[in-house]
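Report on one structure; see the data block that follows.
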Amino acid sequence: MKPIERLPQIRTLVGNCEADVGTCPVGSCSTFLKFSIFCPDDGYICPETETRIKDCGEFGSRPYEYVMQCGCCKDTGIVVTGVVKDQVTQQPVDKTLVFLDFSRRPIITGVNGMFKTAIASSVRRIVIRTKNRNYLEAVKVVDIPEGFRGPVQIEIFVIMKSDPVKLDSTESTVLSLSSNPLDPEAGNTLVEIKADSFIYKNGKQYQGAVKASITFIDTENNLDIEVPGIFQTAVGNSVEPLITDGVFSFNFESADGIALELSAPVTIKGRDGMKVWKLNSFTGLWELVRPVEKRRKRQVSLEDIFRIESDRWYNIDKIPGAPRCYFKGRIFDEMSGTEITSSSTASFRPEITAYTTVKERLRLYFKYTTKPSTTCYEVRCPLVSDPDDNLAGFINMSSTEVVSIGGVNVPIVAYLTPKELVDYDTAVIQPKLFNVQYKIAPNDLDIFVNFVSDIDGPFYRNKNICESSSITQPALHFFKAELPSYYPVPDDAKICTARIAFRDGDDFYRYISSLDYLPNVTGISEWEQGGSKLYYTDVAQMELFKDRNATVVFICLKYRCSQENELTTVFISEKEVFLLTDDNSFQEYRCYGKRANTTSKLINIGGRFSTIEGSFNAPVNVDTGPDFYNTEVNDCKKETDATLFAYELYCRLWQTLAK
C-alpha cells in the first residue's frame, strides 16, 4: 500500500510556544492490497501518533500529540448526535421520535432530549424528522462536508401548536397568517374558511364551536434553525431558492377536543407573485400546491382556492425573478496572510440572508467546498439602476474541520473574519466593493452588501468568469484563524475534579471485575477565550470501591472549572471495551443517564444507551457540589462515601456476536 503523506500543521501549545503537530489529508483509502486496477475504497485516511515533549521556556515542558505518519483505517461511518429542544423554553424534549431520511425506524430521545445514531461516510446530506404528540413535526436538513468524519452535532427545535382561537363552524371566517389570526390587518396573507366546512375524521358533519390553532412562523425574524426544512424547491433538475412571507400550520378541534378536518377548500389571499407551497418532510424541500380552482389570467396577487390538511407545514413563497449572479469568497490564513487556495482538512461555505425593499426575505443555501479560490456561489441580483433599491443582505463564511484532542475527534466550526474595506490592497477591488456599499456588521462576522451584478464583479454575471478570476480581481476576503489552542495544563484556569459513579444497571459490576484492566475515560474541557476555543484534556482510569454495603465503579475526572462569563463544557468519551466470552461472543457495556431518584447532576448522553459519550457544564463555584473537588485528585480517590457523586451513570451489558 502506498504511504499517505503527512501534512505539517503548526499549533499553539501555550503562550507563543508552537509545535508542528501534523495532520493527515481528508480522503478515502483502501485497507486491502490492490492487485488490480479496480479496488473499491473501504476506509479513510487516519493519523498514527505519539506523545512528544516541547520545551516552552518559561511555560515549562509541554506534552503534545505528534502525527508521525498517515495510514488507512476501517471506515465505520459517521456518528450523529443531536438534541431536541423546545423552541420557546430552550429545554430538552424527551420521548421524541427521530427519523433519518426515509427510515421508518425511529430513535427515541432520552430525558436530556438527546439522540445518537450513525450514517455511512459517503452521505453528504441527511434529513431529520421528529414526531411528538405535544409538538408539530420538525424537519431539519443537515449538509456534511466531503471527507468529514464527524461527529456531526445537531440541534433541533420543536414548536408547540399555538393557543387556539374560537370559531363558529356555521359561519364563514377570515383568518390572518400572523400572531393574531383574528385580526385581518395583522399579516400579509388571509385565509377564508367557508361555513359548514368542518367534519369529523369519519366524514360526519360537525356544527358548533371550533378550537382553531393557527401556528405561524414569522420568517422575517425567526432564525433558520427554528424553521422546518429549507427554503428551496425542485424545478426540473435544478433547485431554486424561495422568497417567503411566512410558514404556517392548521389544527382544528371540536369544543370537546376531538380532531376535525376541513371538507371544503379554503381561499388564500396574499401579496403579488406569492404562491402556496407544502413541505416534503422526506426531502426538506417545498412543493407547489396546485389550486382547486385557477385564478383569473390577469390576476397578479395570490387569491386561489386550496385544500389544506391539518398538522402540515405550508408556506407562502415565490421563486425570485431576479437574474443569477455569482461571487467568490477567498480565504486567507490569519497568521501568515497567505491565501488558502485549497485545504486537505477544512471545508468552507457561506451563509447569506438577503431582503427585498418590501422586507421579503431570501434565504440561500450552499454546499461545502475545500477549494475556495475556484468556487463561486450563486445569488440573485435584480436589474435596477439605483443601488439603494436593490436586494441587500448579509454574508458570512464559516469553516468546518475535525481536531484530534486527547485521542478524541472534536468537530470545530468557526466563523471567519471579513477583511476591512481599507485593507483591500488593489485599486481595482476597493471601488467595486464601495459600489455595492460593502460594510462589516457590528458582530464583526457579517458583510453587508447590495446585490448588484457587474461583468467585472464582485457579483459576476457569468459563473465561468467568476470561477477563473484571479486574486487581483474583486472578491470577498475572509481570514481563518489558527486552530484552537490545546492546553495540556491551562495556566490561567482553576483545575477541579468531579467524582463520577458508574452504577450497576445489569450485571455491569460482574463484567468490569472480569476485565484484565479497568477502562480509561477521556475528559475534554472546552471553553472560549478571546474569541478562540481552548481545550484541556484529562484521562481518568476507572476505580473500584467496595465496602460492606456497596460496590461502586467511579472515576476522578479533572476538568477546567467555569469562570465568570466563561462557561466550560466537559465532554467525556470512552472507546468501546469488549470481552470475548467462552461462547465466542463479544460483550460490551453501555451507559445511560441518571435515574429520577438520584440527587446527582445530569450528564447529557446521546440516546438512551450508548458507550460513554456525553457532556456536562462545569460549575463556577466548586463548593456547591455535591461532590466537586478543588484539591488533589488523590482526595477524590480516597473518598469513602459511596452515595455522594457529582454525576452518575447507569451501565448495563450489551452483547453482539463475534464475527
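What Kirkwood hydrodynamic radius, in Å, does the range 155-280 give when the mean of 1/r is taken over all pairs of distinct Cα atoms and then inverted?
16.0
Which distance in nm do the two modelled labels at Asp272 and Ile305 give, with both placed 7 Å along the Cα-to-Cβ direction?
With each label placed 7 Å out from Cα toward Cβ, I get 2.7 nm.
If you count, for each residue, the other Cβ atoms within 10 Å and average over each peptide, how do 338-348, 392-402 line up from highest to lowest?
So the order, starting with the most tightly packed, is 392-402, 338-348.
Excluding residues on the same chain fewer than 8 positions from Lys480, give the aspartates and glutamates whose Cα lies under 17 Å from its Cα.
Asp333, Glu334, Glu339, Glu351, Glu401, Glu420, Asp423, Asp444, Asp446, Glu528
Please go through the residue pairs Lys328/Lys367; Lys328/Lys371; Lys318/Lys419; Lys140/Lys161 and name each one whose alpha carbons sit more than 22 Å apart in this structure.
Lys318/Lys419
For the range 245-260, just list the computed ³J(HN,Hα) in residue order, Karplus coefficients 6.51, -1.76 and 1.60, θ = phi - 60°, integers in Hz, with x standing in for Gly and Pro.
10, x, 10, 8, 8, 10, 8, 10, 9, 6, 4, 9, x, 8, 5, 10
If r is the Cβ-Cβ distance from Asp86 to Asn180 and R0 is 22 Å, what FRET efficiency results, to the nearest 0.05?
Calculated value: 0.50.
Based solely on C-alpha atoms, express the radius of gyration and the Dmax of the range 78-231 in angstrom.
My reading of the Cα-based Rg and Dmax gives 19.2, 59 Å.
Could you work out how far apart the two model spin labels at Leu544 and Lys166 are, taking each label as a point 7 Å from the Cα in the direction of the beta carbon, and quote it in nm?
The two pseudo-label positions are separated by 6.9 nm.
Taking amide H positions as placed 1.01 Å from N in the peptide plane, with prolines and chain starts having none, which residues 5 or more places from Ile412, or on another chain, fall under 5 Å of its amide H?
Sorted by chain and number, the residues that satisfy this are Glu401, Val402, Val403.
Using the Cα centre of the range 150-232 as origin and beta-carbon charges of +1 (Lys, Arg) and -1 (Asp, Glu), tell me which of Ser197, Ser213, Ile156 is placed farthest towards the positive end of the dipole.
Ser197
Please work out how much length the chain gains when fully extended from Arg52 to Ile471, using 0.36 nm per residue of separation minus the C-alpha to C-alpha distance, in nm with one decimal. Walk me through the numbers on the way to the answer.
Working: separation 419, 0.36 × 419 = 150.84 nm, distance 3.93 nm.
Stretched out fully, the Arg52 to Ile471 stretch lengthens by 146.9 nm.
Could you work out the per residue convex hull volume over the alpha carbons of the range 490-569, in cubic angstrom?
Hull volume over Cα atoms, normalised by residue count, gives 121 Å³.
In the neighborhood of Glu48, defined by Cβ-to-Cβ distances under 15 Å, what is the net charge if each Lys or Arg adds +1 and each Asp or Glu adds -1?
Result for the neighbourhood of Glu48: 0.
Along the range 560-573, what does the Karplus equation 6.51 cos²θ - 1.76 cosθ + 1.60 (θ = phi - 60°) give for ³J(HN,Hα), rounded to whole Hz, x for Gly and Pro?
8, 5, 5, 10, 3, 6, 9, 6, 9, 9, 10, 9, 10, 8
At 7 Å along the Cα-to-beta-carbon direction for both Lys131 and Thr640, put a label point, then send me their distance in nm to one decimal.
Here the modelled spin labels are 5.5 nm apart.
Determine which residues of the range 238-252 fall in the zone a paramagnetic label at Glu287 would reach in this model, i.e. backbone nitrogen under 20 Å from the point 7 Å along Cα→Cβ.
Label zone hits: 238-243, 247-250.
Looking at the range 73-152, what % of the alpha carbon pairs are farther apart than 14 Å?
It works out to 62 percent of all Cα pairs.
PRE reach from Ala259 (point 7 Å along Cα→Cβ): which of the range 187-214 fall under 17 Å by backbone N?
Output list for this probe position: 198-206, 211-214.
Show me 543-553, 16-26, 239-249 ranked by packing, highest mean number of other Cβ atoms within 10 Å first.
Highest-to-lowest ranking by the protection proxy: 239-249, 16-26, 543-553.
Please list, in chain and number order, the residues 5+ apart from Ile440 or on another chain whose amide H is under 5 Å from its amide H, with Hs placed from the backbone.
Hits under the 5 Å cutoff: Phe448.
Taking H as built 1.01 Å from N, whose amide H comes closer than 5 Å to the amide H of Ala118, not counting residues under 5 places away?
Here Val80 satisfy the definition.
FRET efficiency for Thr551 and Val413, Cβ-Cβ distance as r, R0 = 51 Å, nearest 0.05?
With R0 = 51 Å, the Cβ-Cβ based efficiency is 0.75.
Quick note: the coordinates plus some simple rules give every number you see, no bench work behind them. Since the structure is predicted, the reported quantities are computational estimates derived from the model, not experimental observations. For neighbour counting, all protein chains shown are included, and Cβ atoms are generated from backbone atoms with ideal geometry for every residue, glycine included.
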